[in-house]
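See below for the structure under consideration.
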Amino acid sequence: MAKLTVSRFKDLDETRAHYLATVDTEAERLRMQHVTPGNGQTMTYEAKHREALAGGGPMITAEAEALEVTEQEVIGSVLAARGRWELAGAKIEAARIKAKRDIRAATTPAEMHATSKGAFND
């Protein structure tokens, strides 16, 4: 059975801030289904993508050696992963932006709650 939690806020501004933050938190949870968390990992993904676009580099070489595959195979893998991420990331970002717009336009806590809960259900 689902647990119901009731939140109380002092005014609509506090309510709105809560639901705007809820949308950002859910967007990040969804993003983490597609990438490894951490700033260093993000920097690694970006470096590998730049190297893949350039046709190679130390990250690509290191990964190819570690996996015992060709650099071209790593480049293909990196570019394919980036393409998948861009599609997923764009969908998440569009839903996040729309939900935040709708929360800002909402006039009741119930509307804000419903928007935040349904933002990523497509």
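The values are calculated or read from the model by the stated rules, or taken from the named source; none is laboratory data. Since this is a predicted model, take the numbers as computed values, not measurements. Cβ: placed from backbone, ideal geometry, glycine included. Neighbour counts: every protein chain shown. Surface areas here come from the heavy atoms of the whole protein model, side chains and all, with no ligands, DNA or RNA. Shrake-Rupley method; radii C 1.70, N 1.55, O 1.52, S 1.80 Å.
The table below gives the values:
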quantity	calculated
Which numbered condition residue 101 misses (of (1) touching a residue at least 40 places away in the same chain (Cβ under 8 Å); (2) of a type in the set (D, E, K, R); (3) exposed (fewer than 12 other Cβ atoms within 10 Å of the Cβ))	(1)
Any hit, the stretch 16-29, residues being open to solvent by 60 Å² or more (accessible area, probe 1.4 Å), over 26 Å from residue 69 (Cα atoms), charged (D, E, K, R) and modelled with pLDDT under 95	yes
Qualifying position, being within 24 Å of the chain's Cα centre (by Cα) and either at pLDDT below 95 or farther than 30 Å from residue 114 by Cα (or both), among 53, 12, 67, 4	53
Test: residue in the stretch 69-81 that is closer than 23 Å to residue 31 by Cβ, open to solvent by 30 Å² or more (accessible area, probe 1.4 Å) and charged (D, E, K, R)	no
Hits in the stretch 20-79 - residues which are closer than 30 Å to residue 97 by Cβ and among the charged types (D, E, K, R)	24, 26, 28, 29, 31, 46, 48, 50
